[in-house]
1. Identify the residue in segment 219-275 that is among the polar types (S, T, N, Q) and assigned to a strand (DSSP E or B) and, among all such residues, is farthest from F306 (Cα to Cα).
2. Please state which one of N248, N268 is of a type in the set (S, T, N, Q) and open to solvent by 60 Å² or more (accessible area, probe 1.4 Å).
3. Anything in segment 222-234 that is touching a residue at least 60 places away in the same chain (Cβ under 8 Å) and over 22 Å from the mean Cα position of the chain (by Cα)? List them, or say none.
4. Determine, yes or no, whether L204 is touching a residue at least 12 places away in the same chain (Cβ under 8 Å), open to solvent by less than 10 Å² (accessible area, probe 1.4 Å) and assigned to a helix (DSSP H, G or I).
5. Specify which of the listed residues (N142, N162) is part of a helix (DSSP H, G or I), modelled with pLDDT under 80 and farther than 30 Å from I49 by Cα.
Amino acid sequence: MVRLDMHKIKGKSSVSKRKEESKGKETPVAKKNENSEFEKFSQLVLKNIIDDNVPPTPNNFQIYFEKLLENKPLSFRKKINEYLEIDDVNSNEYRAKMEREIREGFTQVKSIVKIVSTVYKNLSVMRQIVKKRTSELSSSSNQLSVENVLVALNEDLEKLSNLTQKQMGTLKSHYDKTVEILKDVEDEAIFDARYGVYNKKYLLVTMQKELNSVKQYNHKSSVLMVKIKDSVLDKVVNSKEREMLSRNIAKLLLKTSRRSDVVAHFGNGIFTMIMKHTDLNSAQKASERIADLIYATSFFIGEKEFETDIELGIMPIDPNYSIEETLSGALEVLPKTGKKLEPYMIGEFSDTLEE
């Protein structure tokens with residue numbers, strides 16, 4: 001079992017009890033000042049978008065909003081986040097929830113078919129038993145009426161068997177159709193159910209869209225890759241516990257990411273974060289936050305505390321290079337990083353540019 005000891009996580013202290021107790025109902029003047037402060041911040045967000053020559057779409061406004069919010073005082077960020085929590089409706093989260101429910105439904109369907117199949121096998125066995133007993137009675141000197149009853153019973157069982165076979169054929173047809181439909185849904189899935197983040201397919205599609213956006217509008221975006229070192233995972237014998245360690249890393253990535261960031265499982269326990277409108281300097285700061293958060297978190301297997309070590313690689317999303325080259329650059333530097341090495345590294349592109 002793995003659990004987190006969140007008492008060690010670094011961060012700023014919470015608001016004091018005295019301050020909480022002193023809170024009363026907001027006066028109209030205070031509310032007006034608060035709204036004015038929000039309006040000024042919104043104007044600042046719009047100004048930065050225009051200055052960077054980026055289209056003021058709702059998505060870009062959200063990205064800049066979250067980016068500039070990081071530099072604001074804690075009290076202001078807290079108030080804004082309270083509004084965002086109420087307002088935030090992410091359709092992809094609903095879709096991920098739907099996919100989990102469909103998978104569960106698929107499991108239930110398979111269980112039902114398995115039970116029905118078992119019942120059918122039992123009926124077949126019963127039929128063979130009755131046939132055997134009928135044969136035995138036919139060769140004996142029993143009364144004719146008893147033999148006739150057994151023959152009639154055998155005929156009834158034969159009818160039941162034929163009916164059951166027909167029903168099973170119909171059920172199998174429905175089952176095959178259900179499998180086909182669910183397979184189509186699975187092919188369109190964007191969610192990795194094991195780790196609670198997006199899957200590789202969604203990562204590549206989103207990254208290609210961001211690359212196209214960078215090409216068109218010339219803003220800065222970055223990619224970050226994280227994985228637990230193999231030397232750490234090799235010490236964990238149980239595969240479920242190894243997976244749980246990686247799952248907890250994914251949770252911490254989600255905890256430290258912005259709403260506009262995309263956290264996905266690239267494969268083999270490697271997680272990728274697309275940071276939109278984020279230059280390398282900001283990506284390095286994000287890497288430091290992630291490393292601090294993970295190293296300040298205690299991981300337990302059973303009652304024993306487990307020391308972890310991670311690899312971190314960063315790459316800019318460059319319009320001159322493909323997403324494959326970008327990801328390869330981050331993958332290449334991963335083994336060179338760690339707690340006793342460089343905490344993170346910026347990868348390099350190959351010399352071959354896209355035509």
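1. Restricting to residues being among the polar types (S, T, N, Q) and assigned to a strand (DSSP E or B), the top hit is S222.
2. When all the criteria are applied, what remains is N268.
3. The answer is S231, V232.
4. no
5. N162
The values are calculated or read from the model by the stated rules, or taken from the named source; none is laboratory data. Bear in mind that the values here come from a model prediction, so they are computed numbers and not experimental data. Every residue, glycine as well, gets a Cβ built from its backbone with ideal geometry; the counts of neighbours run over all protein chains shown. We work out accessible area using only protein heavy atoms, side chains counted, and drop any ligands, DNA or RNA first. Shrake-Rupley method; radii C 1.70, N 1.55, O 1.52, S 1.80 Å.
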